[in-house]
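Structure first, commentary second.
The values are calculated or read from the model by the stated rules, or taken from the named source; none is laboratory data. Predicted, not measured: the structure shown is a model, and the values here were computed from it. Positions of Cβ are backbone-derived with ideal geometry, glycine not excepted, and every protein chain shown enters the neighbour counts.
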Amino acid sequence: MDQRGTGSRDAQAADGRPHGHVRCTPPAAAELFEIAVLDTTGGDGQACWHTIGWGVDRGDADSIAQAYVTRPMSPYDEARVRHNGHLVGVHRRPQ
């Protein structure tokens, strides 16, 4: 799906000139912390990452990530916290 203003390759800057970069995160979401978990339950034997939610601050995101790797039923092996695309935290299931 290619929609103007939401990732279209022919997006333009405010002055009408085309530019080569389109934000993949809206400005309001750039303040959030992304939480992704490593899913190893796939039938093909491949592990893959899934975004499961967003935290409003670092503490909130770390708390959510930690809960997913320590929950009693089906804990994930690993959870990662990212802010503006940068890895800021890793949580692993206790061995």
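I'd like the full set of residues that are part of a loop (DSSP other than H, G, I, E, B) and either among the small types (Gly, Ala, Ser) or modelled with pLDDT of 90 or more (or both), limited to the stretch 33-56. Don't jump to the end; show me each part of the working.
Filtering the stretch 33-56 down to residues part of a loop (DSSP other than H, G, I, E, B) leaves 40-47, 56.
Correct list: 42, 43, 45, 47.
Could you grab the pairs with beta carbons closer than 7 Å, sequence gap of 6+ or different chains, first residue in the stretch 27-42 and more than 24 Å from residue 92 (Cα to Cα), second one modelled with pLDDT of 85 or more and part of a loop (DSSP other than H, G, I, E, B)?
30/84
Which residues, counting only those in the stretch 45-60, are over 16 Å from residue 87 (Cβ atoms) and among the charged types (D, E, K, R)?
Hits for the stretch 45-60 are 57, 60.
Criterion first (of a type in the set (Ser, Thr, Tyr), part of a helix (DSSP H, G or I) and crowded, with 16+ Cβ neighbours inside 10 Å) does residue 68 satisfy it? Full working, then the answer.
Details: of a type in the set (Ser, Thr, Tyr): yes; part of a helix (DSSP H, G or I): yes; crowded, with 16+ Cβ neighbours inside 10 Å: yes.
Yes, satisfied.
Residue 79: outside any strand (DSSP E or B), within 13 Å of the chain's Cα centre (by Cα) and under 17 Å from residue 32 (Cβ atoms), yes or no?
no
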